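The values are calculated or read from the model by the stated rules, or taken from the named source; none is laboratory data. On a predicted model such as this, the values are computed, not experimentally measured, just so you know. Note that each Cβ is placed from the backbone with ideal geometry, even for glycine, and that neighbours are counted across all protein chains shown.
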Amino acid sequence: MKKSIFFGCMLAIATSVCGQNAALSNGWQEIQPKEVTTNPVSLFDDWIVLAVNNDDKPNAMLLTMGTMGVFRGKPIVSIFVNESRYTYELLEKNPYFTLAVFPEQYKENVRYLGQHSGRDGSDKIKDAGLTVGKTELGNPFFDQANLVIECRMIYTGKWDLDRLDDSIKSSFYRDGELRPMHQQFMAEIVHVWKK
């Protein structure tokens, strides 16, 4: 009995010390998804960056479309990424990604991520002047962000152009030609941190 209590206490201590996420240092505080105070409609109007691992090197892009809510009792985000994007390929291979919301002062840094691809092997995160760290699960986060949402993929699905409303469908055509489509990536929110 005493041994099991002792080992239970040791496990609790190890979990609280070793289980802390790297993102919690340097002024980060973990919060529950329901504690995110940003309006979910305006969340994707802010300077939000999607980051995903490419082996041991993270890749990131500016994200302009997404939603936040609940699915089957789980807090979720759904993001929409064009299949022509390099990040799209990486999302197809990885079960996790992070979303980072930046303050206005990093607008140009984040814009750089939206204007350059990592497909050529360049380190566009470094070139953008941003510092990247890793969560305990090994996913990228940015020191300059003020909110980080860590997500685990639970569904992917490609949009069907024939099922889209005409007011949206027209945005997929340029000069009469169909542009590459987007895919929905739905993910459970597993961690949220704020500065």
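Out of (1) in contact with a Gly (Cβ under 6 Å, 6 or more places away or on another chain); (2) farther than 16 Å from LEU147 by Cβ, what's the single condition that is false for LEU62?
(2)
Let's see how each residue does on (1) at pLDDT below 95; (2) acidic (Asp, Glu):
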site: VAL36; (1), (2): yes, no
site: PRO40; (1), (2): yes, no
site: LEU43; (1), (2): yes, no
site: ASN59; (1), (2): yes, no
site: GLY69; (1), (2): yes, no
site: SER78; (1), (2): no, no
site: GLU83; (1), (2): yes, yes
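Inside the stretch 43-61, can you point out the residues that are surrounded by 15 or more Cβ atoms within 10 Å (Cβ to Cβ) and either among the hydrophobic types (A, V, I, L, M, F, W, C) or farther than 20 Å from GLU89 by Cβ (or both)?
The answer is LEU43, PHE44, ASP46, TRP47, ILE48, VAL49, LEU50, ALA51, VAL52, ALA60, MET61.
For the stretch 26-33, does any single residue satisfy the condition of being outside any strand (DSSP E or B), among the polar types (S, T, N, Q) and at pLDDT 80 or above?
Looking through the stretch 26-33, at least one residue is outside any strand (DSSP E or B), among the polar types (S, T, N, Q) and at pLDDT 80 or above.
Restricting to the stretch 129-168, name every residue that is without any contact (Cβ under 8 Å) to a residue 24 or more places away in the chain and either surrounded by 14 or more Cβ atoms within 10 Å (Cβ to Cβ) or within 23 Å of VAL101 (Cα to Cα) (or both).
Those that are without any contact (Cβ under 8 Å) to a residue 24 or more places away in the chain and either surrounded by 14 or more Cβ atoms within 10 Å (Cβ to Cβ) or within 23 Å of VAL101 (Cα to Cα) (or both): GLY129, THR131, LEU164.
Of the residues that sit in the stretch 80-97 and are under 16 Å from GLY114 (Cα atoms) and among the polar types (S, T, N, Q), which one is surrounded by the most Cβ atoms within 10 Å (Cβ to Cβ)?
Among those that are under 16 Å from GLY114 (Cα atoms) and among the polar types (S, T, N, Q), it is THR87.
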